[in-house]
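**Student:** Just passing along the structure, written as structure tokens.
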Amino acid sequence: MYMPPAPIPVSIVTGFLGAGKSTLLNRLLQDPALSDAAVIINEFGEVGIDHLLVQGSSDSIIELSNGCLCCTVRGELIDTLADLLDRIQTEKVKPVSRVIIETTGLADPVPVLLAIMAHPAIAMAFRIDGVVTLVDALTGADTLARHDEAVRQAAVADRLVTTKTDLAASADRDDLVRTLERLNPMAEIIDVADAPASGPALLVTGLFDPARKAPSVGEWLAAEDHQHSHHHHHDVNRHGEHIRAFALTAGRVASPAAIEAFQHRLAAEYGDNLLRLKGVVALSGDDRPLVVHGVRDMVYPPSRLAAQSGAENQQTRLVVITRDLPETVVRELFETYLDRPGIDRPDRAALDDNPLSAFGFKA
Ligand SMILES: Nc1nc2c(ncn2[C@@H]2O[C@H](COP(=O)(O)OP(=O)(O)OP(=O)(O)O)[C@@H](O)[C@H]2O)c(=O)[nH]1
């Protein structure tokens, strides 16, 4: 295997679902200093759309197949890094100055770190520079209380970046910072709106050093290493029975208002169980799809992509990740808002008139 003169630094950008990873990366990738960085994206859901949402020079963005990086896709990450080295050696691609890995929001970063650090050849060619973890100031406290993955993401970080502070009350951000300081006393905590978060230096933290983390981080790495080296049965879906990820699809949509109304209804009624909604909405008579986002009970303003060609871009594709909310409830609501008839499905007018849950499910 080709060995570059010095190991290529690897930055891991993590943070719970919808924390703002792609938004931040898009901003950083505008900087010429990162023009020769390779970006590896991983998402959890049947429909890959992140490659559309993270903009950069197209051959530097590699999308891993769907599934979670900390579970099924770990081997693929190693293969991808090995392949990248090979392509650099054979001059199929230019040397890269850095690899940036954006994990899924559900990823436990510990197995991802270990996959790189414990692989003999990969660990010689790449070095983990650092972990930058984003924490949503609106939902972060609740997410940390409910999801171990979020706690681990915060605890392994070299830098913690609070996001959405333009939307959150400053007292809530202060409380969140105190919680983060307890979880990870050594990490620098910065705000996404502050200058240090706006440039590529955000990703440069020096060598990732487990010894500088809370003692639990060393224990997690050791436990993971044991599992790794003893080939224990690995839980393919670490995220448990409660989490569901699925796709909602449709053709071109005549009115974006229907999708927006669906999003608001879903968020208002099931926001507590709605971990994430994101997608690309193909519109009739307009080749520039809408990008829609929701996190818990927040519906974010839609944005537009540049005009897209290709059959897949004629499709509306939404990825939904729920906790303790059956897929059928979301799917029925979607069909209703798109006015697609179904047996026993109330029409939209009836639904809008009825303030109570229409499908008999209430969290
Ligand atoms: N107001 C505000 N909105 C933000 C901020 N950061 C992200 N957003 C919005 O939050 C939504 C989700 O942001 P993304 O960057 O897609 O989040 P992500 O972490 O990449 O999401 P996943 O990959 O699905 O986990 C988008 O609509 C963003 O525009 C912020 O600091 N302030």
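Bear in mind that the values in this text are calculations on the coordinates, not laboratory data. In this text, all values refer to a predicted model and were calculated from it rather than measured experimentally. Here the Cβ is made from the backbone with ideal geometry for all residues, glycine too, and neighbour counts use every protein chain on show.
**Student:** Mean separation of Cα pairs under 8 Å and 6+ residues apart, divided by the residue count of the stretch 84-220: what relative contact order is that in percent?
**Tutor:** Dividing the mean separation by the residue count of the stretch 84-220 yields 25 percent.
**Student:** Taking amide H positions as placed 1.01 Å from N in the peptide plane, with prolines and chain starts having none, which residues 5 or more places from Ile101, or on another chain, fall under 5 Å of its amide H?
**Tutor:** Excluding prolines and chain starts, which carry no amide H, the hits are Ser11, Ile12, Val13, Ile40.
**Student:** Going through the cross-link list Lys21/Lys92; Lys164/Lys278; Lys21/Lys164, which pairs have a Cα-Cα distance over 20 Å in this structure?
**Tutor:** Lys21/Lys92
**Student:** For the peptides 90-100, 107-117, what is the packing order when you average, over each peptide's residues, the other Cβ atoms within 10 Å and list the highest mean first?
**Tutor:** The peptides rank, most packed first, as 107-117, 90-100.
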